[in-house]
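See below for the structure under consideration.
Coordinate-derived values only; no laboratory data. Being a predicted model, the structure only gives us computed values, none of them experimental. Note: ideal-geometry Cβ built from the backbone for every residue, glycine included; neighbour counts use all protein chains shown.
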Amino acid sequence: MIQEELQRLEKLTLQVGRKLTQLEQDNQSLREEIQATRRKLEERELALEDFKNQIKIAKLVNSIPVEEMESAELREKINHYIKEIDNIIAYLSE
């Protein structure tokens, strides 16, 4: 009787131990998934800010009254600066 109860308790202990191990592994996987999702969110927020800045710059450029030839040159320079800034942001994000 006592022997059977001890065996039953040992069996239950092993089952609980296995379940605990599985839950700890699941918990770790979920933590890693949360971290990856947070990193993606931060990257997308940075990209969104970049796009907002590009839109602001484009609106600013379009609002500057200049001759057609000067406008093309100015747009080209600003686009070049935007590309350089994007490259710097990408480099700093690494």
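Counted by neighbouring Cβ atoms within 10 Å, the residues Ile2, Ile85 run from fewest to most as Ile2, Ile85. For segment 69-87 versus segment 24-39, the inter-centroid distance based on Cα atoms is 41 Å. Shown in residue order for segment 44-51 are the 3J(HN,Hα) couplings computed by the Karplus curve 6.51 cos²θ - 1.76 cosθ + 1.60 at θ = phi - 60°: 5, 5, 5, 4, 4, 4, 4, 5 Hz (x for Gly and Pro). Given Cβ point charges of +1 (Lys, Arg) and -1 (Asp, Glu) and nothing else, what value in debye, to the nearest 20, does the dipole of the chain about its Cα centre take? Dipole size: approximately 420 debye.
Report the semi-axes of the equivalent ellipsoid for segment 2-93 in whole Å, largest first, where each axis is √(5λ) for an eigenvalue λ of the Cα gyration tensor.
On the way: eigenvalues 836, 21, 5 Å².
Taking √(5λ) for each Cα gyration eigenvalue gives 65, 10, 5 Å.
Note on the chain: dipole from Cβ charges, positive end direction compared against Met1, Gly17, Gln35; the farthest Cα belongs to Met1.
Annotation: extensible slack from Glu24 through Leu12 equals 2.5 nm (criterion: 0.36 nm per residue apart, minus Cα-Cα distance). Relative to the dominant Cα principal axis of the chain, helix 68-93 is inclined by about 20°.
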